[in-house]
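Structure first, commentary second.
The values are calculated or read from the model by the stated rules, or taken from the named source; none is laboratory data. No experiment lies behind these values; they were computed from the predicted model shown. Quick note on the areas: whole protein, heavy atoms, side chains included, nothing else; ligands and nucleic acids left out. Shrake-Rupley method; radii C 1.70, N 1.55, O 1.52, S 1.80 Å.
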Amino acid sequence: MIRLLDEFRCHFAMLRKHTIGLTRIFHTDHLRRSGSQMDTALISKSSSGSMDSYSRRQTSSLALPHQPSRPPRHDQYEISGLTSFYLVVLGGCSSFVIPELCSNYITCILITLAINAILCVSLNLINGYMGEFSVGHAAFMAIGAYGSAIITVKILPLIPFSLSSFLTFPLMVVAGGLLAALVGIPLALLSFKTRGDYLAIITLAFLMIVKSALENISYVGGPRGFLGIPPLTTLPWVYFWAVVTFWIMRHFIHSKWGRSIIAIREDEIAAEAMGVSTRSAKMMTFVISSFFAGIAGGLFAHQIQFINPSSFDILRSTNILVMVYLGGVASLSGSLVGAGVFTILYQILQPLGVWRMVTMPLLLVLLMIFRPRGIMGYQEWSCFKLKE
């Protein structure tokens with residue numbers, strides 16, 4: 001019995017030695033395939049004392065050859081700057097041709113899509129890149145819409161000489177955007193001391209204030225709305241403003257201001273400790289976001305030719321939020337995708353009637369559960385990236 005136990009102990013010790021040796025050899029072979037520069041002689045030195053001399057010699061002799069560093073991998077679908085320019089020019093030419101070939105309904109949908117894209121990317125600057133939470137974006141849209149409409153209907157007729165709409169329309173839209181940016185300055189000041197849910201409550205209260213003020217100003221029609229706005233918004237104009245908006249946003253995000261607001265999103269205290277002027281960055285972000293929301297409002301007013309305070313309620317802000325989080329936060333590509341998907345779904349779900357208002361928030365809930373970052377969250381197409 002004792003002899004059997006001794007033989008069993010010897011066989012077990014030999015099996016353990018060979019198992020350890022094979023394990024080290026297989027591990028060394030795995031390191032070679034993965035391109036590691038580590039010499040497996042270091043592995044053999046760290047092996048247990050039970051490993052026999054043969055296994056150690058076999059392992060130490062397997063020195064990995066020098067592996068040259070691999071060149072950086074480039075995206076095979078990368079779009080060059082010249083190709084992007086050609087696509088923009090092609091889109092501009094198409095904006096003149098589509099209204100002639102397609103129905104007014106298709107043209108109206110495309111105009112709405114471009115306006116939604118401007119709204120989406122302007123709100124994404126605050127909610128996505130800076131990491132704040134604003135729910136009052138429709139207020140800036142309302143200010144831009146009413147500001148440009150007042151200039152068109154009430155101020156331009158007082159000028160003794162006539163001006164071409166080709167010259168006056170962009171000036172009216174810019175004036176509406178500047179008015180919205182001016183009103184956005186106090187909101188930026190309030191953001192210095194508040195963040196998160198508290199800022200959301202402040203922006204919601206700001207939306208209610210603007211809506212109530214418009215309902216009680218008889219000069220702009222009060223609750224009945226503003227009539228007599230000429231139909232100056234065309235597909236070429238909205239395409240022009242959409243391209244300008246995305247171009248400015250692209251360069252702003254890749255500038256020092258863009259890096260500052262991204263640092264604020266990650267950690268505001270650490271960003272301020274590293275010398276980032278958080279107040280200046282927040283002020284610049286709110287002003288630019290409000291300006292382009294006003295631009296979208298001016299285009300919207302001259303598209304539907306009638307605006308009233310009910311057009312800029314909390315439901316409008318909710319729709320913009322859905323577009324932002326559907327397409328993806330902190331992404332210019334996501335803003336474009338979110339605006340396109342939302343606009344098309346909004347038209348497809350028209351037969352549902354009132355239930356359409358239930359479907360959109362439900363879509364947002366499902367998106368937050370299964371894909372919180374959205375479709376293109378923190379990702380960009382190559383055409384929206386600046387070359388290093």
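Data overview
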read-out	value
All Cα pairs of the stretch 311-363, percent lying beyond 14 Å	53
Listed pairs Lys154/Lys282; Lys193/Lys385; Lys154/Lys193; Lys211/Lys282 exceeding 28 Å between Cα atoms	Lys154/Lys282; Lys193/Lys385; Lys154/Lys193
Dimensions (Å) - the stretch 169-290, Cα atoms, principal axes, largest first	53, 34, 18
Exposure rank, largest accessible area first [Trp247, Trp381, Trp237, Trp355; 1.4 Å]	Trp355, Trp247, Trp381, Trp237
Probe 1.4 Å, protein heavy atoms only - accessible area per residue of the stretch 93-249 in square angstrom	46
Largest-first principal axis extents of the Cα set of the stretch 129-239 (Å)	49, 32, 23
Cα-based convex hull volume of the stretch 234-388 per residue, rounded to whole Å³	146
